[in-house]
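Q: If you scroll down you'll find the structure; I have some questions about it.
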Amino acid sequence: MVHDESLQQKEPKTPHQESQYNKQELDSALLVIKKVMKMDAAEPFNVPVNPEALGIPVSRNTYGLGA
């Protein structure tokens, strides 16, 4: 019996992607984030939101968190 590989379905080849970033990339990103957070326009985004004080309904099961 002749085995014909062209008839078999092959998995598509995808480039290997690293799931981790190197330290230089992370340090660069952190530097940018810190600079943006120091901008005057970023002030409202640096303060935690209190949904109860604002009367915003809270779902404890949001994004799979809680029970």
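Q: For ASN22 and MET37, compute 0.36 nm times the residue count separating them, minus their Cα-Cα distance, and round to one decimal in nm.
A: That pair, ASN22 and MET37, stretches by 3.1 nm at full extension.
Q: Whole-Hz Karplus ³J(HN,Hα) for segment 42-47, in order, using 6.51 cos²θ - 1.76 cosθ + 1.60 and θ = phi - 60°, x for Gly and Pro?
A: Using θ = phi - 60°, the values come out as 8, 3, x, 8, 8, 9 Hz.
Q: In which sequence would SER59, SER28 go, from the one with the fewest C-beta neighbours within 10 Å to the one with the most?
A: Fewest-to-most Cβ neighbours within 10 Å comes out as SER59, SER28.
Quick note: the coordinates plus some simple rules give every number you see, no bench work behind them. Note that the structure is a prediction, hence the values are computed from the model and not measured. Ideal geometry is used to build each Cβ from the backbone, glycine not excepted, and the neighbour counts take in all protein chains shown.
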